[in-house]
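Each value in this text was obtained by applying a stated rule to the coordinates, not by laboratory testing. Just so it is clear, the model here is predicted, and its values are computed rather than measured. Reconstructed Cβ throughout: ideal geometry from the backbone, glycine too, with neighbour counts over all protein chains shown.
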Amino acid sequence: MRSPLMRRLGLGTVLAVVLAVFGLTPVASADPAPATLTFATDSATTTPGGTVNLSMTITNNKTYDIWFVYQTIDPTWLTTQRPDLKYGFTGCSLATAAGATPCSGTGPADLGANYGTTVPPGQSRTVTLTLQIAADSGCNGNIGFYSYFYAEFSDTTSISGGPVYTPETRVLCA
């Protein structure tokens, strides 16, 4: 006697083959995210009293303009566990075709406005924050941040992303 389980497996297999032959199977999409946020630093290490430039780049992968960006930046949990590490954001600039222009909203404030008004399809905007390590900071610890962002497009859609982590900066003893 044939088992009912074998009949179900046989029917499922036949159905899968028919769908595959006629091209009706689900296909994984290779579409990129509508917007991506990436980070880079100009140095992986520094010493107390030194600076590191932290660059944030938002890329519009959609066919509509990004009209609005809201972004936060906060220290990682491990960074907050080292109270001897002293640091702060002391500068901010937006890279433009005409050169760098100053921006505002450094630290854990709304960084989104710093990207400029509109990010056209296929283009990116880069904002660079200057991370200043205090001269009396502890050393042999890592400083890292994470960010969440929200972007609205001209077709009235939106996307939320994050957490996106920055590369860590190691504060070395001199």
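Measuring from centroid to centroid over Cα atoms, what is the spacing of region 120-164 and region 53-88 in Å?
Region 120-164 and region 53-88 have Cα centres separated by 2 Å.
Determine ³J(HN,Hα), in whole Hz, for all residues of region 42-49 in sequence, where each value follows from phi through the Karplus function 6.51 cos²θ - 1.76 cosθ + 1.60 and θ = phi - 60°; x replaces Gly and Pro.
Karplus values, whole Hz, x for Gly and Pro: 8, 7, 8, 9, 7, 10, x, x.
Taking square-rooted eigenvalues a ≥ b ≥ c of the alpha carbon gyration tensor, is region 32-155 rounded, prolate or oblate, where a/c under 1.5 means rounded and, failing that, a/b exceeding b/c means prolate?
prolate
With label points built 7 Å along Cα→Cβ from the Cα atoms of THR47 and TYR70, find their separation and express it in nm.
4.3 nm
Taking θ = phi - 60°, what integer Hz values does the Karplus form 6.51 cos²θ - 1.76 cosθ + 1.60 yield along region 64-69, in sequence order, with x for Gly and Pro?
Result, rounded to whole Hz: 10, 5, 7, 9, 8, 9.
Using the Karplus curve 6.51 cos²θ - 1.76 cosθ + 1.60 with θ = phi - 60°, work out ³J(HN,Hα) for each residue of region 136-152 in order, rounded to whole Hz, and write x for Gly and Pro.
With the stated coefficients, region 136-152 comes to 9, 5, x, 9, 6, x, 9, 10, x, 9, 9, 9, 10, 9, 9, 10, 10 Hz.
Simple spin-label model, 7 Å along Cα-to-Cβ: CYS139 to ALA98 in nm?
Label at CYS139, label at ALA98, 4.3 nm between them.
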